[in-house]
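Engineer: Below: one structure in structure tokens.
No lab work stands behind these numbers, since they all come straight from the coordinates. Remember, predicted model here, so these are calculated numbers, not experimental data. With ideal geometry, Cβ positions are generated from the backbone for all residues, glycine too; neighbour counts draw on all protein chains shown.
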Amino acid sequence: MVNVKGRWALITGASRGIGRLTAKFMAEQGCNLVLHSRTMEHSEKIAEEVRSLGVEAYAVCAELSDLDAVRKMLETIDALGVRIDIVMNNAGLQIAYRTDYYSTPVSDYTESFKINTIAPAMICYHFIPKMIEAGFGRILNTTSGIALEPEQAGYSASKAALDKITVDLGSKVEGTDVMINLTDPGWCRTDLGGPHAPNSPESAIPGIAVGAFVDDKKSGRNLAAQHFTGMTIEEAVKKAEAEFDSPYQK
């Protein structure tokens, strides 16, 4: 199991919901953090929370639908002078639920893809070469289990595209200590999931982060968080490595 103490992780969408819980969990494991949200005020708030747990933390901000802002954020992170060992692309947008789904506007797709697909892909492309050069890296892209719901077409299609990017990139690093996998918190009672979701946000811990700790050189998997609810991180890693295999032909 990877010891993340003293390493650096970038978490997007870290100011609330699953992202905030993930940030606190990683800090409790001794991981230093670069924390993103849409505003510096919100990023600094969670940065202060995790600093109180004894780790270093930087705050960054960007509106992920603004791809120039994403580029500038990445430049800001580079200028911090720290090596990002772990990326958790947690931020996402569920733009609408369309009961009249035949009238789904094009903007549902364009906005969803910018935030849920293109921005995390840009982040992956930025950090993977650095991880390969360093000989270590973990990337977790947050996906969704939503299926057969044209009411949420923009969101689910953008997540399906992110799945494809993740699996394809994973084939290039499979067997190395740079690993890229998917995670899915499940339907949780967050701002995105809504108040009627069956799962508490806390049920996603530690599973939402298990991909940062696995150490079996396998990529392209969906390490969905609800498989690991109630476990210690040690138990979750053991289960992930024993039961979740890469999708690539051996």
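Engineer: Taking each pair of distinct Cα atoms in the chain once, what is the resulting Kirkwood hydrodynamic radius in Å? If you can, show how the numbers build up before the last one.
Structural biologist: Details: mean 1/r = 0.0556 Å⁻¹.
That comes to 18.0 Å for the chain.
Engineer: Okay, moving on. Per DSSP helix of 4 or more residues, -39500 (n - 2.57); summed, then divided by the residues of the chain. What does that give at 222 nm, rounded to the nearest 500?
Structural biologist: Helices in the chain give a 222 nm mean residue ellipticity of -12000 deg cm²/dmol.
Engineer: Hey, another quick one. Given points 7 Å out from each Cα along the Cα-Cβ axis, report the GLU243 to ASP177 separation in nanometres with one decimal.
Structural biologist: Computed distance between label sites GLU243 and ASP177 equals 2.8 nm.
Engineer: Under a plain spin-label model, where a point goes 7 Å from the Cα along Cα-to-Cβ, how far apart in nm are VAL106 and ARG16?
Structural biologist: Inter-label distance under the simple model: 3.1 nm.
Engineer: While we're here: Looking at this model, which pairs from LYS114/LYS172; LYS24/LYS159; LYS130/LYS217; LYS159/LYS218 are more than 19 angstrom apart at the alpha-carbon? If you can, show how the numbers build up before the last one.
Structural biologist: On the way: LYS114/LYS172 24 Å; LYS24/LYS159 25 Å; LYS130/LYS217 17 Å; LYS159/LYS218 21 Å.
Over 19 Å apart, Cα to Cα: LYS114/LYS172; LYS24/LYS159; LYS159/LYS218.
Engineer: Sticking with this structure for a sec: Using just the Cα positions, wrap segment 11-60 in a convex hull and report its mean projected area in square nanometres, one decimal place.
Structural biologist: Working: hull surface 10.2 nm².
For segment 11-60, the mean projected area of the Cα convex hull comes to 2.6 nm².
Engineer: Also: Could you pull out every residue, at least 5 positions away or on a different chain, whose amide H is within less than 5 Å of the one on GLY137? Hs are placed 1.01 Å off N in the peptide plane, and Pro or chain starts have none.
Structural biologist: Under 5 Å from the amide H of GLY137 lie the amide H atoms of VAL178, MET179, each far enough along the sequence or on another chain.
Engineer: To the nearest Å, what is the center-to-center distance of segment 215-250 and segment 105-174, using C-alpha atoms only?
Structural biologist: Their Cα centres are 19 Å away from one another.
Engineer: Sorted by mean Cβ packing within 10 Å, highest first, what order do the peptides 56-63, 29-36 take? Write out the running numbers ahead of the final one.
Structural biologist: On the way: 56-63: 19.6, 29-36: 24.4.
My ranking of the peptides, most packed first, is 29-36, 56-63.
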